[in-house]
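One structure below.
Coordinate-derived values only; no laboratory data. In this text the structure is predicted, and so the values were computed from the model without any measurement. Glycine gets a Cβ as well: all are built from the backbone with ideal geometry, and neighbour counts include every protein chain shown.
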Amino acid sequence: MRSDLNEILTRVGPGTKMGELFRRFWLPALLEEEVAKPDGPPVKFRILGEDLVAFRDTEGKVGVIDAYCAHRRAGLEYGRNEECGLRCVYHGWKFSVTGELLDAPSEPPSRLDQVKKTVKITAYPTHVAGGAVWVYMGPPEAKPPFPAFEWTRFPASQSAIIKRYQPCNYAQALEGGIDSAHISFLHRDLKDLAKAGQPVANAGQPRSTHARYAGGCQYPEFSVDETDYGLRIMARRYLDDADKDYWRVTQFMLPCFQMVPPTLEKGEFIANPTYGNIWVPIDDYNTWNWGFSSDVEALSERQRIFMGKSGIWGELHDDFTAAQNLSNKFEWSQERQRSVNYSGIAGVRNQDAAVVESMGPLVDRSKENLGHSDSAIIRFRRQIIALANALADGKEPPMPHRPELFNIRSFSTLLEKDVHIREQAPLLEAGAPL
């Protein structure tokens, strides 16, 4: 990839092409639990290269404003959250959730009305859904409706959401999520390698349809379709001794949303429960990887543990940084690599994080050599860069203003060997906007 295109793809601060594209979409900024209480402590965070503060006011409204006071730029994370506003502790200036200056007690009474009319702090619209506080950071006149994500409409008993900090650019983390080929290697248990003809210690029979095909097919066939919402990524795995092929359909919704195909344990089709990821840039070198799950029934205790701070996401600290990280080599073990799993790293999310973070905070894509298994990666880059360039030329992206496009599922299925999934309209409709 040319260096100039990599710059467009990865730079997300104010005024950059990709940063402006991301600002046209609603993005999760905080877990709702982080600002759970009215008049509770403000929370400082960073997104798209901007430092912001979130707070829930006396009436329960959530505000997201500039992290620095509009008076002398003191940090508002120390602010007094009281009486429907956040008051700076430096000189007492107070701001509403929408950015209005409510009070400036350090100013003489004769000037107060004029100061309140002329001073306003940057504030962004918020929306609370799916256990998260979402923020829109684009031009007010381009503000879209909130996307119709199915999982955000389930009650709390049927959904879960979590986030994990990653010290790398959003694009390399996202590309790991839409790369279906790596599951046959990075996430493979050694007992599954026996199906690929590799003699290994402790090898046994796989436990599920997914494990059997993922372990036995190292080079899946990929088909990628561009859609109104982003990409439909279809991965086909086959076994010589099976009469059907295993298809996993991953959905990618611009600019950073993904639906993971559920694991097919048995049967021939599965589209529930839903799992997915959102990669929200903190800045050019850091990312929040959000994960969500929902089910048509109440989540079991096992599912909640799975999606919690000690589940699939690995052990997370209170600040959502990972206990297994680059500084301790993700607790990689050669002994584990020889006797337990392919990577030597415990946990799917730790495995994902290790490989994308090992590339460095912002990978030099000019040194890559891409192949067939990278089809989705290539299409993603072309699609999102084209949208960013079009926006820079004055053409607004259409998908934020079509909220129904985000009401979508991924799925996994078995099909006869001579059948391509594109020929199965009912199946594709199952993964089309609901």
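Give, rounded to the nearest 20 debye, the magnitude of the charge dipole that region 27-135 has about its Cα centre when Lys and Arg contribute +1 at Cβ and Asp and Glu contribute -1 at Cβ. In debye, rounded to 20, region 27-135 gives about 360.
With contributions of -39500 (n - 2.57) from each DSSP H run of at least four residues, the per-residue ellipticity at 222 nm computed over the chain stands at -5500 deg cm²/dmol.
Computed from point charges on the beta carbon alone (+1 for Lys and Arg, -1 for Asp and Glu), the dipole magnitude for region 150-430 about its Cα centre is near 420 Debye.
Counting other Cβ atoms within 10 Å as a rough exposure proxy, the listed residues Arg212, Arg46 run Arg46, Arg212 from fewest neighbours to most. Calculated FRET efficiency, Arg304 to Lys266, Cβ-Cβ distance, R0 = 22 Å: about 0.40 to the nearest 0.05. Residues Met18, Met1 in ascending order of nearby Cβ atoms (within 10 Å, fewest first): Met1, Met18.
At what distance in angstrom do the alpha carbon centres of region 248-275 and region 89-104 lie from each other? The two parts, judged by their Cα centres, are 45 Å apart. Pairs of C-alpha atoms in the chain farther apart than 27 Å represent 56 percent of all such pairs. A straight chain from Asp241 to Glu141 at 0.36 nm per residue would run longer than the Cα-Cα distance by 30.2 nm. With Cα atoms as the point set, region 27-135 shows a radius of gyration and Dmax of 13.4, 46 Å. Within the chain, Cys84, Cys168, Cys217, Cys256 have no other Cys Cβ under 4.7 Å of their Cβ and so lack a disulfide-compatible partner by this rule.
Among Pro42, Pro155, Pro167, the largest mean-square fluctuation in a Gaussian network model of the chain (Cα springs under 10 Å) belongs to Pro155. The stretch between Ser208 and Arg422, if pulled fully straight at 0.36 nm per residue, gains 74.5 nm over its current Cα-Cα span. Counted residue by residue at 0.36 nm each, then reduced by the alpha carbon distance between them, the extension gain from Asp364 to Leu102 reaches 89.6 nm. As a size descriptor, the averaged projected area of the C-alpha convex hull of region 329-420 was calculated at 10.9 nm².
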